[in-house]
Structure formats: structure tokens, C-alpha cells
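The values are calculated or read from the model by the stated rules, or taken from the named source; none is laboratory data. If you're wondering where the values come from, they're calculated on a predicted model, not measured in any experiment. Cβ coordinates were reconstructed from backbone atoms using ideal geometry, including for glycine residues, and neighbour counts include every protein chain displayed. Note: areas computed on protein heavy atoms with side chains; ligands, DNA, RNA excluded. Shrake-Rupley method; radii C 1.70, N 1.55, O 1.52, S 1.80 Å.
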Amino acid sequence: MMLIRYINQIGKYFLMWREIFKKPTKWSVMKGLIFKEIDDLIIDSLGIVSFISFFVGGVVSIQTALNLTNSFIPKYLIGYATRQSVILEFAPTFMSIIMAGKMGSFITSSIGSMRVTEQIDALEVMGVNSLNYLVFPKIIALLLYPFLIGIGMFLGIAGGYLATVYGGFGADVDFVEGIQRDFFPFHIIYSFTKTFIFGMLLATIPSFHGYYMKGGALEVGKASTVSFVWTSVTIIVLNYVITQLLLTK
């Protein structure tokens, strides 16, 4: 029974995607909704993304430096390890899991509250495609999600640089050499590819749980928790799949 319920939910999720693009809302209305979602989801996340990225980059570089106990190991490995850790995994994947908590809970609770107060029913009565009205602006806003993660990548490496140089763990020349050494541009394509996919998940999975929830205010909180769990699980599973497809030969 549990398996059938999961399959039913997955099917309903993909059917939701189809409904989102049916009967679009007028552009004059949609334009304002898109800018509001950009402000709520992207601009409001700049602070936490910048703060976490900067300090995690610093911690990665310090931990790498403290483990280079052998004098024969070159110091440029600090910069190399920081770059690889931040670009390949921390910024796109773990920041997306953090955003599943911040953005996802916000999206689920806002749509869920509209469901509880029958605002979604009112939209349907007025002949508005409520899924297009509520979810489509979030999808468009999160097309800018790679831009947010790009800032996180830059600040993560900058935090590593400052922690290494001003913490006395290495010279700036060594750190810069490590950033440049054995750099593969495809790693950037790989990171932004999965960032784009994670952005679409962040827009739609929390919306799904908010839109189809039943009950009252208590159930809104439960739906927010469930959406965070499933968004995180999906991100981690797809991270493995994308890595297997794009990085392995």
C-alpha cells in the first residue's frame, strides 16, 4: 500500500507539471508575480547563501591545511581542495539542501495557507488556472538560482583564501596556484547543470505539497516538513545520478 501511494504521488507530481503550462495567466498579471517571487526567493536568499558559503569555504581550507602535516605535500593543495569542494559539491548540492529548508518551507506554507483559507478555490471559481498562477512564477524566478549559487561559489573560495592567507596557513601565491591547477571548465558546466535541475525541484516539490495538502493550520506545518524531506532526498538521489552520468567515463 505504501509503494502504491508513493507511485500515485509521483504520478500526480508529473501531472501537475502539465497543468502548470495550461491556460496561462495574462502577462500583465504574471509579470508582477514573477518579480515578487524573484524578490522573495532569490534576493531574500542572498544573505544566508553569502554568509554560509564564505565561512564554509574558510573551514574547508583550514581543515585541509591542518591535515597537510607532511612537508613534502605542496601547499597549493589547500587552494585546490577548497576549489574542488566548493564548486563540485558544497555550493550546488549542500546549499540546495539548505535552500530546501528556507525556500521550500516558505513555498509550501504560503501555498498551503492559501489552500486552507480557500483562496485557491476562489481562483478556480474565477476561471484562473491556479497552478499556473501560483507555481509558474516560482519556476521562472528560480531560473536565476544558478546565479545565486555562482555567488556562493565565489564567496566560498574567497573565504578559503582569506582564512588561509590571514590565518597563516599558507601564502597567497600557493592558494592562487591551487585554484588554477588542473582546472577543468567542464566542472563548471556540471555544477550549473545540476544547480538548474535542483532549482526546478525547489520550485515544484514544495509547491506540490502545499497545493495538494488537506486539513488546517497544523497540516500546513506537517506539509512543510514533508516537502523539505522529499526535496532533500530527491536532490541527493539526483546528485548521484547526474554525477554518474556527467563525470564518470
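Tabulated data
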item	result
Flag for Val176 being open to solvent by 30 Å² or more (accessible area, probe 1.4 Å), over 18 Å from Ile120 (Cα atoms), without any contact (Cβ under 8 Å) to a residue 24 or more places away in the chain and among the β-branched types (Val, Ile, Thr)	no
Phe169 vs. criteria out of contact with any Gly (no Cβ under 6 Å at 6 or more places or on another chain), crowded, with 22+ Cβ neighbours inside 10 Å and in contact (Cβ under 8 Å) with a residue 40 or more places away in the chain	no
Filtered residue count, region 94-140, keeping only those that are under 24 Å from Trp27 (Cα atoms), open to solvent by 50 Å² or more (accessible area, probe 1.4 Å) and aliphatic (A, V, I, L, M)	3
Hits in region 216-249 - residues which are closer than 16 Å to Thr193 by Cβ and crowded, with 21+ Cβ neighbours inside 10 Å	Ile235
Test: residue in region 209-216 that is more than 22 Å from Val116 (Cβ to Cβ), among the hydroxyl-bearing types (Ser, Thr, Tyr) and touching a residue at least 24 places away in the same chain (Cβ under 8 Å)	no
Residue in region 141-150 that is open to solvent by 10 Å² or more (accessible area, probe 1.4 Å), farther than 29 Å from Gln9 by Cα and not in a helix (DSSP H, G or I) present	no
Residue within region 193-215 that is among the β-branched types (Val, Ile, Thr) and open to solvent by 20 Å² or more (accessible area, probe 1.4 Å) present	yes
Whichever residue in region 10-28 is without any contact (Cβ under 8 Å) to a residue 60 or more places away in the chain and not basic (Lys, Arg) and, among such residues, is surrounded by the fewest Cβ atoms within 10 Å (Cβ to Cβ)	Ser28
